[in-house]
Amino acid sequence: QALMKASAAIVDLAGSSSFGRDNDIDSSSGASLVGHIKMKDYDGIATDAAALKPIFEKVQAFWVDKKTEDAMDFSKNALKGAADLEAAAKAKDNAGITAAHFVIANACRGCHLAHRVVVLADRSFQIR
């Protein structure tokens, strides 16, 4: 849970609308990546990407240990997306940043939908 919460501080999977944000476990009002992208803060984007890589490496190791193929693919895609995001930010490549952000968000969202059970009472979750 700590890894998912750490990544949620960077990537907001709830999207930019406010509908349901108060109750959405994927919502993070302090998520930095979208703000950095909107402001074209390339250093901030690169910093976010660098922070995501070790998180995704740990997530990938977790799923490799569990031998869960689809989750291993999700984490592999997220890790590649973070590397691509960092490279695109350093190159100030807006299209590359958008594409990498899309890959990361979809990998996170797909894995969460497939492997996380939300316990609504305290907003915690279990992994399935």
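Answer yes if at least one residue in segment 58-70 is among the charged types (D, E, K, R) and within 16 Å of THR47 (Cα to Cα), and no otherwise.
Our first condition is that a residue be among the charged types (D, E, K, R); within segment 58-70, this holds for 58, 65-67, 69-70.
Within this subset, residues satisfying the condition of being within 16 Å of THR47 (Cα to Cα) are none.
No - not one qualifying residue is present in segment 58-70.
Give, as residue ranges, the helices (runs of 4 or more DSSP H) completely inside segment 28-128 that count at least 2 residues that are open to solvent by 40 Å² or more (accessible area, probe 1.4 Å) and at pLDDT 95 or above. Outline the logic, then answer.
On the way: elements: 32-38, 42-66, 69-91, 94-115.
It comes to 42-66, 69-91, 94-115.
The values are calculated or read from the model by the stated rules, or taken from the named source; none is laboratory data. Keep in mind the model is a prediction, meaning the values are calculated, not measured. Surface accessibility is based on the protein's heavy atoms, side chains included, excluding ligands, DNA and RNA. Shrake-Rupley method; radii C 1.70, N 1.55, O 1.52, S 1.80 Å.
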